[in-house]
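Have a look at the structure below before the remarks.
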Protein chains: 2
Amino acid sequence: MGPLSQDLTSSKPRKIPFGEYLFNKVVQCGSKSIFGVPGDYNLSLLEHLYDESVKNVGCRWIACCNELNAAYAADGYSRYTNKLGTLITTYGVGELSALNGVAGASTENVKVLHIVGVLKTNAPTCNYHHLVPQLHYANLVGPNEKLCYEMVKDRIACSAEYLDDIDTATQKVSKVIEDIYKYSKPGYIFVPADFPDKLVDVSGLYSKISLEGSIERTPHNILQSTVDRTLSWLYSSKTPGILADANVDRFGLSGQLNKLIKTTEIRNFTTIMGKSILDEMNPWYMGLYAGKNCTDMVRSKFLSCDLILHFGVEKNEVNYCAQGFPYGTGAKVIEFHQSYIRFWDTVCGDEDIIKGANFSDVLEELLSRIDTKKLDLKYDPAKFTAYKPTDLHLPNEEGVEEITQAYLQREFPKILNSGDVLVCDTGSFQFGVRDYRLPSQVKYMAQCSYLSIGTALPASLGVGIGMQDYPFAHIYDQSKLTPGYVPKLILGVGDGAAQMTVQELTTMIRYQVSINVFLWNNNGYTIERAFLGADSGYNDIMPWKWTKLFEAFGDFDGKYSSSAYVDTREQLGSKIRELGRKGGDSGSQFIEVKMGTMDYPVQLQLMLNSFKSKP
Amino acid sequence: MGPLSQDLTSSKPRKIPFGEYLFNKVVQCGSKSIFGVPGDYNLSLLEHLYDESVKNVGCRWIACCNELNAAYAADGYSRYTNKLGTLITTYGVGELSALNGVAGASTENVKVLHIVGVLKTNAPTCNYHHLVPQLHYANLVGPNEKLCYEMVKDRIACSAEYLDDIDTATQKVSKVIEDIYKYSKPGYIFVPADFPDKLVDVSGLYSKISLEGSIERTPHNILQSTVDRTLSWLYSSKTPGILADANVDRFGLSGQLNKLIKTTEIRNFTTIMGKSILDEMNPWYMGLYAGKNCTDMVRSKFLSCDLILHFGVEKNEVNYCAQGFPYGTGAKVIEFHQSYIRFWDTVCGDEDIIKGANFSDVLEELLSRIDTKKLDLKYDPAKFTAYKPTDLHLPNEEGVEEITQAYLQREFPKILNSGDVLVCDTGSFQFGVRDYRLPSQVKYMAQCSYLSIGTALPASLGVGIGMQDYPFAHIYDQSKLTPGYVPKLILGVGDGAAQMTVQELTTMIRYQVSINVFLWNNNGYTIERAFLGADSGYNDIMPWKWTKLFEAFGDFDGKYSSSAYVDTREQLGSKIRELGRKGGDSGSQFIEVKMGTMDYPVQLQLMLNSFKSKP
């Protein structure tokens, strides 16, 4: 959390403008940088960016090209820092443009705060407003001025306040931010354009809001009985497995979970959305499990477990495999969630949902109470073999010179060093990453569930800004990094996806975000071609001169970046080795990689097969 | 309206796939071209683009870079053609990305049909879906799969149908399209991914839906009494004025209204949203009226009218001046709307709203019944002088070499020939255009009310596609054009706005849309600087090499376009004269025009003054 500005804790006045208050509050809650686009109804708020106390706490405005991109960037900032990612837009045109970005954050449990500048409270009453869509007869009946508020409340936002009374404004701000941390979902604050200059009491800044403080504690008796039962199931299991899912990361428990694994030597897996939560270099890492949509080797190991401890469980039909996970015959399951713990016996069907318990408290208690001597692990060494991505049986490509997805699966991981950050867009490449064995403490980020193409490019801007604001935020054990190494940021994005949000490259130049961009040029929407329309024109896109973009978008003299086009394995391999030796302090690279139109990873084929085999 | 495909009217089978039906229907209703982005849930629909009957009616897929841009393009297509503009997106990620574009169409009464591919009806029941944002406890309660439908219904869409029964699907399609034409507002059809291949009865294609046929006719007695009263008020007026507003255009009545003016020689004005509806070369054209936000000359003429016939009235606080139009002392007003006629005596306050009447019928009847000999026009020649844009008193700029907004107001109109199409983005330049005297039958399009920056660039793509599909669609009197002249398309867009949606330039190259793009490079959001934050960093944007964009975005060899940078009056004047001599058959131009950061038209200053003078 950011420090409280000196100006506000000393003998200064007890009342400050609400705009100044709001910026201090969001910085205090983690958003040192704020993403957005100016518009008529937020200008009076944005002026407070230049207040002394706001500048002193290091608050930065990151000016994005459009609101949807700004929402994606705020999402990326929050995913990386695990703090609030803040977005500011304007009434109507801005708030609605950003909506899909916030919906993605909602689906994927990302802590985005969306502040919207709206109509003044003292605006003359009037039957019509140009920023409010009106239906027929609107000339006679007037518009609904809280349209967006009504749309997002209880649908996309876990918390939404349309401020209308300056005396309760600071409390409502705290309420929304607390809810965001509590549920790890987006929240909205609608700020009337006359509020930023109104005075509010500064005392709301004295109490901090944090991830740790926002989750409801588990009552002592419930905690003890839950841990008792967990230990009892665990001690009687011969082949338990730990499954790491999305919410472990969102609630900041990756370090704890890795500690549990190290302590117990329990075999462990990750879900699609949980990728990179575990230290995949731990000798007991078994791979990514996704029901029918993963490799036979991983599946057979998972199905051999008689107990699954599913931490941070997130159920949707991508991550949770449409109709629920297949578990091994006779397996028991414990789901550890931020708002419940579920004990489930898949044989007899008995289930017990403990709603008052949360996995943060339970994991902590488990770590303190577990007695490893009582564990009775009996893994069959023939089954639970060490994880090798080569189990995929990638095709033999001897003599092939073209760059293929199979080649990328073999070679691309070599670019990664411990501590690096890899952001991927939705697309065919992403499927191959599932089975990488990532170096320790590499953070991998992708929309693995909402799958909105075009998200990753602006999201990686947000990640890069987060890495500037909070270096090493994702590192829970710094002793394991090479001394002096600066983690680098890598983006992998397809050409179709990149065209959606490409202008945000300019913002990377503007704020000197160091990034290695890999642009997979495969002539359009290959992931859609894999589903349907392999040769259909609607899956084609225009060819671009990608390597000209950084220059056109502001790096006129190549001061911050270099760009290259590669179409052979030799060229790409050399780039991967070169960048693999470098850290995040060596400027930006844009590498356009020529790929085949219908070449996609075997993992995508697995998913397609599983769809086709559905009833 | 497009012709019904031969294949479907001949002896072919009576049942066809719903996808084939839907494309035939939208083409029949005006959308020869369809804008959108493919996604998992609309691929099965898009495959029917290649059905013989769909190809035979000339249906084209216009592949946009992202969904918001596609929505803007569909809006532009509809504004230009005055027919249905159709947009196809996918469930969740696509439909939500497009929302702001559809909301703009809703606010500005544009006939956009948004078709969304959604979940299969036979999808396995499952408690979670990755494209549906879920709130806390979602693992236990499951998502709301009709989220977007619920958000837009009765808020943004005048009509929305989530298809769930193939037997009623074609009727529901007709209902939505009829409503779109009836209200001139967007409508939604949500199509389950298993529907496109299901068979439906072809007979729904035999009855056409059109603008003319969709509006409810005015009952005879109401029509007669309404016209009686209108004529009575008109015959007793000495200084009547006709005011042309947005809905005259949306309901296709521009030709009729211009005929009324020519017949009666009544002095006439336009609103902000009504700009270009009138033939501004008519000798009785008095200029654009906007209360305090227009020039003294226009205002004094408008306030001298004792009767205002306000056709196509559209009330919002931009177009209708916040708290209602100021009218001349003692003036009477008749509002002619698509769903009511309002007689209003501003002196005694009496008003009478005739809800059953519409202005289409009333205007037609008025034209047939009016007896010009009974008119008793007594305009004071000193007051009602011919309209000259120079009444603005633009500053004397002798010796100035920089390009200024005042210079543009003097020189830019020279690029326009009768029949040309001018699209402007929201921004400072747009304010100057208000007082141009446009050549006859120039169509001017801008979001004059919703004012979402970035709209115009993709919208002009839609306009250009519309001009390919329906050449001369905006011309009601072709005899007045220079023989053989091909109307050209001109876009004026600020640099901040262009950065929002710039990738759609590639789609212009792809479909060979001829366009003259004028990029006003004034270092950011000058329109916001005029409001607040003249020197604030949040109003700055990154400088770009604008003239490289057409090349980077696909015109590698300059085959379709040329680009130029101009920063003196001499250079720009020469470009304007050169392009003024050319029509729309001479390729595309991108002209970056260097302007001053704080230079904006006097008309914008007028609006700012009127805001500041508010209570």
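The values are calculated or read from the model by the stated rules, or taken from the named source; none is laboratory data. In this text the structure is predicted, and so the values were computed from the model without any measurement. Every residue, glycine among them, receives a Cβ derived from its backbone with ideal geometry; neighbour counts consider all protein chains shown. All accessible areas refer to the heavy atoms of the entire protein, side chains included, with ligands and DNA or RNA removed. Shrake-Rupley method; radii C 1.70, N 1.55, O 1.52, S 1.80 Å.
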- Going through (1) more than 8 Å from every other protein chain (Cβ to nearest Cβ); (2) among the aliphatic types (A, V, I, L, M); (3) open to solvent by less than 10 Å² (accessible area, probe 1.4 Å) one by one, A:Val57 fails only at (3)
- Item | segment B:184-203, subset crowded, with 24+ Cβ neighbours inside 10 Å and within 14 Å of chain A (Cβ to nearest Cβ), residue farthest from B:His337 (Cα to Cα) | B:Tyr188
- Note on the structure: Of the residues in segment B:209-234 that are of a type outside the set (A, V, I, L, M, F, W, C) and more than 31 Å from the chain's Cα centre (by Cα), the one that is least open to solvent (accessible area, probe 1.4 Å) is B:Gln224
- Task: Would you mind telling me which numbered condition in (1) of a type in the set (Ser, Thr, Tyr); (2) open to solvent by 10 Å² or more (accessible area, probe 1.4 Å); (3) touching an Asp or Glu at 6+ places or on another chain (Cβ under 8 Å) A:Ser237 fails?
- Result: (2)
- Identity of the residue in segment A:319-336, at pLDDT 80 or above, open to solvent by less than 20 Å² (accessible area, probe 1.4 Å) and assigned to a loop (DSSP other than H, G, I, E, B), that ends up nearest to A:Leu278 (Cα to Cα): A:Asn319
- Query: Which residue out of A:Trp520, A:Trp546 is of a type in the set (Phe, Trp, Tyr), modelled with pLDDT of 95 or more and more than 15 Å from A:Phe429 (Cβ to Cβ)?
  - Reply: A:Trp546
- Mind checking which residues of segment B:148-181 are open to solvent by 10 Å² or more (accessible area, probe 1.4 Å) and within 8 Å of another protein chain (Cβ to nearest Cβ)? B:Glu150, B:Asp154, B:Arg155, B:Cys158
- Query: Across segment A:517-538, what is the number of residues that are open to solvent by 10 Å² or more (accessible area, probe 1.4 Å) and under 25 Å from the mean Cα position of the chain (by Cα)?
  - Reply: 4
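Provide a single number: the residues in segment A:155-211 that are of a type in the set (Ser, Thr, Tyr) and outside any helix (DSSP H, G or I).
7
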- Scanning segment A:216-233 residue by residue, those modelled with pLDDT of 95 or more and acidic (Asp, Glu) turn out to be A:Asp228
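Among the residues of segment B:417-435, is any of a type in the set (Ser, Thr, Tyr), under 28 Å from B:Asn316 (Cα atoms) and open to solvent by less than 30 Å² (accessible area, probe 1.4 Å)?
Yes, segment B:417-435 has at least one match.
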- Item | Hits in segment B:397-415 (condition: in a loop (DSSP other than H, G, I, E, B), out of contact with any Ser or Thr (no Cβ under 6 Å at 6 or more places or on another chain), open to solvent by 10 Å² or more (accessible area, probe 1.4 Å) and touching a residue at least 24 places away in the same chain (Cβ under 8 Å)) | B:Val400, B:Glu402, B:Thr404
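Can we say B:Val333 is over 24 Å from the mean Cα position of the chain (by Cα) and under 24 Å from B:Asn358 (Cβ atoms)?
Values: over 24 Å from the mean Cα position of the chain (by Cα): yes; under 24 Å from B:Asn358 (Cβ atoms): yes.
Here the answer is yes, as B:Val333 does meet what is asked.
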- Query: Can you name every residue in segment B:27-59 that is in contact (Cβ under 8 Å) with a residue 60 or more places away in the chain, part of a helix (DSSP H, G or I) and more than 30 Å from A:Tyr450 (Cα to Cα)?
  - Reply: B:Gln28
- Query: Based on what the data block shows, is B:Thr329 touching a residue at least 12 places away in the same chain (Cβ under 8 Å) and more than 13 Å from chain A (Cβ to nearest Cβ)?
  - Reply: yes
- Query: How many residues are part of a loop (DSSP other than H, G, I, E, B) and touching an Asp or Glu at 6+ places or on another chain (Cβ under 7 Å) if we restrict to segment A:305-318?
  - Reply: 3
- Query: Can you spot a residue in segment A:364-382 that is modelled with pLDDT of 95 or more, out of contact with any helix residue (DSSP H, G or I) (no Cβ under 7 Å at 6 or more places or on another chain) and of a type in the set (A, V, I, L, M)?
  - Reply: yes
- Query: B:Ser563 is checked against (1) closer than 23 Å to B:Ser460 by Cα; (2) touching a helix residue (DSSP H, G or I) at 6+ places or on another chain (Cβ under 6 Å); (3) surrounded by 21 or more Cβ atoms within 10 Å (Cβ to Cβ) and fails just one. What number does that condition carry?
  - Reply: (3)
